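A.B. asks: Here you go, one structure.
The values are calculated or read from the model by the stated rules, or taken from the named source; none is laboratory data. Source: prediction; values computed, not measured. Ideal geometry is used to build each Cβ from the backbone, glycine not excepted, and the neighbour counts take in all protein chains shown. Just so you know, the surface numbers come from the protein's heavy atoms only, side chains and all, with ligands and any DNA or RNA stripped out. Shrake-Rupley method; radii C 1.70, N 1.55, O 1.52, S 1.80 Å.
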Amino acid sequence: MTFTTIRRAIVGAVAASATVLALAACSSAAPAAETSAAADPYGLITPGQIRVASLGDSKPYTFTDENGEFTGFDVELFTDVADRMGIDDVVFTGQDFSGLLAAVANGQFDVGVAAIGITEEREQTVDFSDGYLAGYLTVMSSPDANIADEADLAGKRLGVVQGTLQEAYAVKNFTDTELVRFPDNNAAISAVNSGSIDAHFLDYEAAKEYADQYGLENAIDIPSFDAPAGFAIAKGKDAFKDALNEALHEAMEDGTWKELYQKWFPGSPMPGQYLPSDEQQTPAPTDTASD
Ligand code: SNW
C-alpha cells in the first residue's frame, strides 16, 4: 500500500463517519423543521390556506354577491395570485375597514385585501405587496346638492368611512366641512339618500356603482396615485411578501390584471404601469437635434 492509498483510505473513513454523523443529526431534529418549512414557507395561520380580511360592500373592488360569495376586482386578482402560489383555499371574511389592518397585524388574518392604499403611516403597522391599483378618491352627492368643487363643501355634511384615506384627506383639507363617520359605504350612502348628509367621500369605482344605482353623481375626483392599493400582510413575513409580489407581477405580465380591470372597471382609464411590458406606453419620440 502506497502512502497515497493510505491517505485516501483515511480520508474516506473520515468522510464516511462524517456522513454517518450528518445522517444521525438529520434523523433527529432536521426533518421535522424541514417538513414544516416546506409545508408552510409563508407562515400562514393554517398551512395551505390563506385567510383574507376584506369588505362585503365595496363593489366593484370587494363585495359579496347574491349567494354570499366574495367577488370583485381585488378578490379575483388576489385569488389568481394565490393560485399561482399553489394555494386554492382562500377564505375571505368581511370586516369593518377601520379594524382591518389591526386584524392583519395581530395575526387574525394572513392578508388584507380591500383597495387598501399603501401609505407610510399604514406601513408602521403592516407590510404591503407592490401596488396593483391607482385611482381617485371621489366625493359623491345628489345632483341637487350643488357640489362641484372642494370650496362647495364648506358648511356641508360629508360622510367618510372610518380609517380610510378619504377620512384623513378630509380632516386635513376640508376644514370647514362637518365630517360624519360611518363604518361602511352602505351606511353612508343611505344617509346621502335620506338627506341626513350632503355627500359621501369614497373610492372612485365604488362611487360609480352607487351613481348608477341611486342617481347620485361624482362631484369631485381627487387623484390618489401616490397611494396605490396593495395587499397588506403582517410585518416580517418576507417569504410571503416575495411570493405575493412574484405572482402579482406574473398576473400583470400575462394580461390577467388587464382582463380583470376591463371586466370590473369597464370604461375607466387604464393605468399603464400594470400592463404587460410589451403593452407599456413607450415615451413619445421627442424632438431631436436633427429636427
Ligand atoms: O389610494 C387609492 C388607490 O389609488 C386606488 O384608487 C384604490 O383605492 C385607494 O387605495 C384608496 N382606498 C381607500 C383607502 O385605502 C378606501 C378603501 C376602501 O374603502 N376599501 O383608505
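A.B. asks: List the lysines whose Cα lies under 25 Å from the Cα of LYS156, skipping any in the same chain that are fewer than 8 positions away.
C.D. replies: Candidates past the 8-residue exclusion: LYS172, LYS208.
A.B. asks: Here's something else I'd like to know. With every protein chain in place, what's the accessible area of LYS156 (1.4 Å probe, Å², nearest 10)?
C.D. replies: Number for this one is 50 Å².
A.B. asks: Tell me, what ³J(HN,Hα) does each residue in the range 52-69 have, in order and in whole Hz, if you take phi through Karplus 6.51 cos²θ - 1.76 cosθ + 1.60 with θ = phi - 60° and put x for Gly and Pro?
C.D. replies: Couplings: 10, 8, 8, 10, x, 9, 10, 4, x, 7, 9, 7, 9, 7, 4, 8, x, 8 Hz.
A.B. asks: Tell me, what ³J(HN,Hα) does each residue in the range 224-239 have, in order and in whole Hz, if you take phi through Karplus 6.51 cos²θ - 1.76 cosθ + 1.60 with θ = phi - 60° and put x for Gly and Pro?
C.D. replies: 10, 5, 7, 10, x, 5, x, 7, 8, 9, 5, 5, x, 9, 5, 5
A.B. asks: Next question, about the same structure. Taking amide H positions as placed in the peptide plane 1.01 Å from N, state which residues far from PHE128 in sequence (5 or more) or on other chains have amide H under 5 Å from it.
C.D. replies: For PHE128, whose amide H was placed from the backbone, the distant partners under 5 Å are ILE233.
A.B. asks: Something else about it: When we measure straight from the Cα of LYS258, which aspartates and glutamates land under 15 angstrom away, once same-chain ones fewer than 8 places off are left out?
C.D. replies: Cα-Cα hits under 15 Å: ASP74, GLU76, ASP80, GLU250, ASP278, GLU279.
A.B. asks: How much length is gained if the chain between ALA239 and GLN262 is pulled fully straight, taking 0.36 nm per residue apart and subtracting their Cα-Cα distance, in nm to one decimal?
C.D. replies: 5.2 nm
A.B. asks: Let me ask something additional. Which ³J(HN,Hα) values, rounded to whole Hz and listed in residue order, are derived for the range 197-209 from phi using the Karplus coefficients 6.51, -1.76 and 1.60 in 6.51 cos²θ - 1.76 cosθ + 1.60 with θ = phi - 60°, glycine and proline given as x?
C.D. replies: Per residue, the Karplus-derived 3J(HN,Hα) values read 10, 8, 7, 10, 10, 8, 6, 3, 6, 5, 4, 4, 4 Hz.
A.B. asks: Given the convex hull over the Cα atoms of the range 36-189, what projected area results after averaging over all orientations, in nm²? Can you show the working numbers first?
C.D. replies: Details: hull surface 41.9 nm².
About 10.5 nm², averaged over all directions.
A.B. asks: How big is the gap, in Å, between the Cα center of the range 91-111 and the Cα center of the range 203-253?
C.D. replies: Result: 16 Å between the Cα centres.
A.B. asks: If I model a spin label as a point 7 Å beyond the Cα along the Cα-Cβ vector, how far apart are those points for GLN124 and ASP254 in nm?
C.D. replies: 4.0
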